[in-house]
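J.: Have a look at the structure that comes next, please.
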Amino acid sequence: MDISFKQVSHTYQVNSPFEYHALKSLDFDIKSGQFVAIVGHTGSGKSTLIQHLNGLLKPTSGEVVIGDYRLKADEKTANIKGLREKVGVVFQYPEHQLFEETIEKDIAFGPKNFGASDETIQARIPKILEAVNLDVALLNRSPFDLSGGQMRRVAIAGVLAMEPDVLVLDEPTAGLDPRGQQEIMDMFYKLHHEKGLTTILVTHSMEDALKYADHVIILEQGKKYLEGKPEDIFVQQARLKQVQLDVPEEIQFLMDLEKRLGMTIHYEKQSVDDLADTIKHRLGGGQ
Amino acid sequence: MASSLIIGQYVPADSVVHRLDPRTKIMMIFTFVIIVFFANNAPSYLWLTVFSLGAATLTKIKPRFLLKGLKPVWFLIVFTFLLHLFVTREGDVLTTLLGFPVYTGALIQGFQISLRFFLLILVTSLLTLTTTPIEITDAIETLLHPLKKIKFPVHELALMMSISLRFIPTLMQETEKISKAQASRGVDFKTGPLKERIQAVVPLLVPLFVSAFKRAEELAMAMEARGYRGGEGRTRLRELAIVSRDYIAFCLFFIVIAGLFVLRG
Ligand SMILES: Nc1ncnc2c1ncn2[C@@H]1O[C@H](COP(=O)(O)OP(=O)(O)OP(=O)(O)O)[C@@H](O)[C@H]1O
Ligand SMILES: [Mg+2]
């Protein structure tokens, strides 16, 4: 589904001493099938932005268009439940939303609310468990007996089970071990391609944004600061520094390489192994 | 939404009322709650209204915010007024409204009672609007201190109060977060038949209780790890002190009380 933000502003607690302008005249488009990363310093409005994607929040001015759905201030959105079925959101620390007696029931909760039949859900569960790397033997256990990382996987499975077209991820790997982070991000990336999803990832990891996204939006104090291809955005060290963001490790490394050895390698999303090969080749190439 | 109700919410500002000692405010408001019931004629009500509005102005909180925040209470005030209007039968019949006779006594009484109600709510909400929950707890602990003599657990009570007050906003945030997460999974809290809406509370309450218990456990552990033990011999981080502006406030308030008893019929 195509998503488009038109001059979207959001103000919390309008007309009170606590009034706060969290989003200011945001304008951008996301094409169906894109993998978009949203980055920004803490408090820049990322979580506020993504709550507009399934109608949890409405713009206080401007409008958001998601496929056939339209969110606008003072306008009732028809069939908001339909929108929430199409847009699956994995929130920050999603394990806090677990509540059922068994893991199986918790995973089935979302699709059931949207009217999926028991057979359909049962057919989906094994595939999803495999995707999030959980053992089938766990299905009848209570979600509260699991480790933090496992709980996170159950919560993610609960969203995937809804089979959304748009997947919104708010720092899905925060607080996990490095191995688990990589596993989960790779899983989302694979799903994105296999199912042709539109994926919107909020992250504090510039490396993840660089590696997975094909479009990056940088927020700063509720405004759009930069937008474009990751390989164009993440080389602008000075501009990133202004909003307290770092250059991803790979690019930092290539910059240092250029400074120290005068070797220029253009970054175009090569893997670390490929980069190593290129460098080896150039060094061994015996100039 | 819950945030539109301002009773119990603290609004930071730099005003005389904010700087008054919390004990001064509590004692004055406690007295006010009693003396409101002594007003019995127009001058005495006017006198108390002037005092209340004056105090509200001194807080430097925008009147519009105050009035908006009292919105949920307006309904009760209007209801009280109407109830008296139709039920009381004193004085002469003024007119008939919807087939009911309206007496002059009813009009006066309805007006007085709902004004009294309004003043009570306005003044008591000024306490929480201008005083942080921590200050209120500290003040209650010192005010109740004499009860220690009869083995009343004053310190424990104050501790419990401050912990609960500290966690109310956290719990509200958590509620909002979890209800958003469940709404994204298709739970409908707002429409649908009553039975379904009641069922919709389960996915909200279970995670809320789980996290509240977890928090309580962590807090207890953290307090123990830092060697916390009861009240005896504990010194305070914040010392309360009655200063000259508190004495001035007491004097002015005494004039209000005296004025009331002069004016009442
Ligand atoms: N319910 C609310 N009421 C008032 N202000 C809010 C509310 N929710 C968020 N804010 C404010 O809006 C701003 C943006 O918040 P948001 O949660 O969108 O930030 P974020 O970019 O997701 O930050 P983080 O990286 O820390 O998750 C913050 O300054 C926050 O204090
Ligand atoms: Mg956030």
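J.: Can you tell me which of A:80, A:50 is within 14 Å of chain B (Cβ to nearest Cβ), touching a residue at least 40 places away in the same chain (Cβ under 8 Å) and either more than 26 Å from residue A:136 (Cβ to Cβ) or aromatic (Phe, Trp, Tyr) (or both)?
T.: A:50
J.: Look at the stretch A:102-135 and say how many of its residues are more than 14 Å from every other protein chain (Cβ to nearest Cβ) and open to solvent by 90 Å² or more (accessible area, probe 1.4 Å).
T.: 6
J.: For residues that are surrounded by fewer than 22 Cβ atoms within 10 Å (Cβ to Cβ) and of a type in the set (Val, Ile, Thr), scanning just the stretch A:37-49, find the one that is modelled with the lowest pLDDT.
T.: Top of the filtered list is A:42.
J.: Any idea which of (1) away from ligand 1 (no atom under 12 Å from the Cβ); (2) under 15 Å from the mean Cα position of the chain (by Cα); (3) hydroxyl-bearing (Ser, Thr, Tyr) is the one residue A:47 doesn't satisfy?
T.: Condition (1) is where residue A:47 drops out.
J.: Follow-up. What's the number of the condition residue A:156 fails, among (1) under 10 Å from residue A:90 (Cα atoms); (2) outside any helix (DSSP H, G or I)?
T.: Every condition holds for residue A:156 apart from (2).
J.: Now, a different point. Would you be able to tell me the number of residues in the stretch A:16-36 that are surrounded by fewer than 20 Cβ atoms within 10 Å (Cβ to Cβ) and farther than 30 Å from residue B:10 by Cβ?
T.: Number satisfying all stated conditions: 8.
J.: Residue under question is residue A:219, and the condition is that it be open to solvent by less than 80 Å² (accessible area, probe 1.4 Å) and touching a Lys or Arg at 6+ places or on another chain (Cβ under 8 Å); does it hold?
T.: Yes; evaluated as a whole, the condition is true for this residue.
J.: So, residue A:60, is that one more than 10 Å from every other protein chain (Cβ to nearest Cβ), open to solvent by 10 Å² or more (accessible area, probe 1.4 Å) and more than 14 Å from ligand 1 (Cβ to nearest atom) or not?
T.: no
J.: Hey, among the residues in the stretch A:92-137 that are more than 20 Å from residue B:189 (Cα to Cα) and among the acidic types (Asp, Glu), which one's farthest from ligand 1 (Cβ to nearest atom)?
T.: A:119
J.: Could you pull out the residue among A:268, A:258 that is more than 17 Å from the chain's Cα centre (by Cα) and free of Cβ contacts under 8 Å to residues at least 12 places away in the same chain?
T.: From the options A:268, A:258, the qualifying one is A:258.
J.: Follow-up question, since we're still on this one. Can you tell me which residue in the stretch A:167-183 is nearest to the other protein chains (Cβ to nearest Cβ), limited to those that are within 13 Å of ligand 1 (Cβ to nearest atom) and of a type outside the set (Asp, Glu)?
T.: For the stretch A:167-183, the residue satisfying everything is A:168.
J.: Does residue A:99 satisfy being more than 30 Å from residue B:65 (Cβ to Cβ), open to solvent by 10 Å² or more (accessible area, probe 1.4 Å), assigned to a helix (DSSP H, G or I) and within 13 Å of another protein chain (Cβ to nearest Cβ)?
T.: The answer is no for residue A:99.
J.: Give me the residue from the stretch A:61-86 that is farther than 18 Å from residue A:109 by Cα and in contact with a Pro (Cβ under 8 Å, 6 or more places away or on another chain) and, out of that set, modelled with the lowest pLDDT.
T.: Top of the filtered list is A:73.
J.: Scanning for something away from ligand 1 (no atom under 16 Å from the Cβ), open to solvent by less than 30 Å² (accessible area, probe 1.4 Å) and over 22 Å from the mean Cα position of the chain (by Cα), does the stretch B:165-182 turn up at least one residue?
T.: Taking every residue of the stretch B:165-182 in turn, at least one turns out to be away from ligand 1 (no atom under 16 Å from the Cβ), open to solvent by less than 30 Å² (accessible area, probe 1.4 Å) and over 22 Å from the mean Cα position of the chain (by Cα).
J.: For residue A:71, work out the one condition from (1) within 16 Å of ligand 1 (Cβ to nearest atom); (2) farther than 22 Å from residue A:231 by Cα it doesn't fulfil.
T.: (1)
J.: While we're looking at this one, here's another question. Kindly evaluate residue A:232 against the criterion of being open to solvent by 10 Å² or more (accessible area, probe 1.4 Å) and out of contact with any strand residue (DSSP E or B) (no Cβ under 7 Å at 6 or more places or on another chain).
T.: In short, yes.
J.: Between a residue in the stretch B:246-265 that is more than 13 Å from residue B:54 (Cβ to Cβ) and any residue that is hydroxyl-bearing (Ser, Thr, Tyr), which pairs come within a Cβ distance under 6 Å, given they are 6 or more apart or on different chains?
T.: Taking only residues 6 or more apart or on different chains, the pairs are B:246/B:24; B:260/B:44; B:263/B:44; B:264/B:44.
Rundown of residues vs (1) away from ligand 2 (no atom under 15 Å from the Cβ); (2) at pLDDT below 95, yes/no style:
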{"site": "A:198", "(1), (2)": "yes, no"}
{"site": "A:205", "(1), (2)": "no, yes"}
{"site": "A:210", "(1), (2)": "yes, yes"}
{"site": "A:213", "(1), (2)": "yes, yes"}
{"site": "A:232", "(1), (2)": "yes, yes"}
{"site": "A:239", "(1), (2)": "yes, yes"}
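J.: Residue under question is residue A:8, and the condition is that it be more than 16 Å from ligand 2 (Cβ to nearest atom), open to solvent by 10 Å² or more (accessible area, probe 1.4 Å), outside any loop (DSSP other than H, G, I, E, B) and in contact (Cβ under 8 Å) with a residue 40 or more places away in the chain; does it hold?
T.: In short, no.
J.: Could I ask something else about it? Test each condition in (1) within 14 Å of chain B (Cβ to nearest Cβ); (2) more than 16 Å from ligand 2 (Cβ to nearest atom); (3) farther than 13 Å from residue A:93 by Cα for residue A:192 and report the one that comes out false.
T.: Looking at each condition in turn, residue A:192 falls short on (1).
J.: Right, something else. Hey, can you tell me all the residues within the stretch B:170-186 that are in contact (Cβ under 8 Å) with a residue 12 or more places away in the chain and touching a Leu at 6+ places or on another chain (Cβ under 8 Å)?
T.: Hits for the stretch B:170-186 are B:171, B:174, B:175, B:178, B:179, B:182.
The values are calculated or read from the model by the stated rules, or taken from the named source; none is laboratory data. Keep in mind the model is a prediction, meaning the values are calculated, not measured. Using ideal geometry, Cβ is built from the backbone for each residue, glycine included, and neighbour counts are taken over all protein chains shown. Quick note on the areas: whole protein, heavy atoms, side chains included, nothing else; ligands and nucleic acids left out. Shrake-Rupley method; radii C 1.70, N 1.55, O 1.52, S 1.80 Å.
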